[in-house]
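Written below as structure tokens is the structure these notes are about.
Laboratory data are not the source of any read-out in this text; all were calculated from the coordinates shown. Everything quoted here is computed from the prediction, not taken from an experiment. Note that we place each Cβ from the backbone using ideal geometry, even for glycine, and neighbour counts take in every protein chain shown.
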Amino acid sequence: MEGAEWMKTKLKRIILFIIVCCALAALILFHRNPLADPDTERLKKICAFVLLGLACFIFGAYYERLTILPKELWQSRKLIWKLAKNDFKKRYAGSYLGFIWAMVQPVVTVLMYWIVFDKIFETRSQLVAGGIEVPYVLYLTAGLVPWFYFQETLVNGTMALLEYNYLVKKVVFNISILPIIKLIAATVIHVFFMVILIAVAIGYGYFPGLYTLQLIYYSFCLFLFVLAMSYLTCAIVVFFRDLAQIINIALQIGMWATPILWDISVVPDGLKPIFKLNPLVYIVEGFRNAIYGDLWFFEHFYSSTYFWIVTVMMFCIGSLVFKRLKPHFADVL
């Protein structure tokens with residue numbers, strides 16, 4: 001009887017997931033943007049349908065494996081919070097200034113970029129030419145805040161199993177919680193920088209409003225996206241240590257491939273869809289809309305849909321790879 005009930009629950013959840021995907025596919029099919037290029041819009045629809053189809057197939061085929069990880073995280077939520085606080089304290093233990101050092105480097109980086117690109121190379125004139133009438137330091141900070149968070153959490157999440165290898169070797173410890181511990185610890189600094197971002201905006205006359213609440217939404221999006229990536233990278237780096245160096249190089253390239261220091265409006269229309277395949281473009285532009293824009297996240301229909309489909313797909317892949325390699329972690333470490 002218990003097996004039959006479990007099968008019914010499984011079937012119901014799979015059907016519900018498929019219904020949600022079909023409803024989303026219908027929205028994508030009938031959505032029309034009169035200002036968009038027809039060919040670009042058609043390409044977006046095709047990509048969305050392909051990704052939704054893959055999501056339905058993966059969820060149906062690997063239902064048991066995909067649902068184990070969220071259950072483990074929820075059941076260990078109290079332990080996760082406790083270990084995250086300990087991780088944050090441990091990181092800066094022994095130094096006189098403590099966690100202040102975590103804030104100094106990003107602040108100095110923002111100041112250096114501002115001096116070089118705004119004062120020396122006068123990048124501000126390029127923003128004006130692109131129709132953006134905001135101070136460059138505000139434009140720059142709104143892009144760097146989510147990027148710093150992404151960079152730190154991805155690196156820390158990737159190295160989670162290697163750093164806590166003594167816990168991985170314990171048979172009774174649930175190692176699935178280690179990546180999310182590193183992400184939560186880094187979120188504390190991210191919250192501080194969002195406060196700094198809002199303060200900079202106020203200094204230039206852009207006061208918080210309802211749109212500012214979207215910072216919470218976009219931070220949540222970024223948290224889930226990096227978490228999904230971390231389960232994939234932390235599992236692979238145990239067996240392929242060079243991945244950590246590859247990620248560092250990719251982050252250096254990714255910073256310039258993401259419109260943080262430059263404006264995406266200067267990119268030719270034919271190349272914009274290629275740049276927008278990068279999910280971080282959605283996050284960075286979202287932070288800017290939350291600070292000085294006047295657009296809600298749901299007004300970017302295709303971008304929001306694409307981001308969440310990619311995030312779900314990444315979580316599915318990361319979860320499957322993590323569970324597949326998990327029995328071998330202790331042997332390698």
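Starting from the 7 Å offset along Cα-to-Cβ, what nm value, one decimal, do you get for the label separation of K85 and E299?
So the label points at K85 and E299 sit 4.1 nm apart.
Please order I196, I274 by the number of other Cβ within 10 Å, starting at the fewest.
Working: I196 15, I274 10.
Ranked by crowding around the Cβ, least crowded first: I274, I196.
Using a 10 Å cut-off around each Cβ, can you sort T153, T311, T67 from fewest to most neighbouring Cβ atoms?
Values: T153 26, T311 19, T67 14.
Starting with the residue having the fewest Cβ neighbours, the order is T67, T311, T153.
For a quick check of your reading of the filter: which trypsin sites (Lys or Arg not before Pro) in segment 220-324 sit in a DSSP loop and have no more than 15 other Cβ atoms within 10 Å? It would help to have the intermediate numbers written out before the result.
Values: sites: R241, K276, R288, K323, R324; in loops: R241, K276.
Here the trypsin sites (Lys or Arg not before Pro) that fit, given the DSSP loop and packing criteria, are R241.
Using Cα pairs under 8 angstrom and six or more residues apart, how large is the relative contact order of segment 167-311, in percent?
Relative contact order comes out at 31 percent.
Cut-off is 10 Å between beta-carbons; in what order do H328, H300, H190 appear when sorted fewest neighbours first?
On the way: H328 12, H300 16, H190 20.
With the sparsest Cβ surroundings first, the list reads H328, H300, H190.
Taking 7 Å along the Cα-to-C-beta vector as the label spot, tell me the V191-V172 distance in nanometres, rounded to one decimal.
So the label points at V191 and V172 sit 3.2 nm apart.
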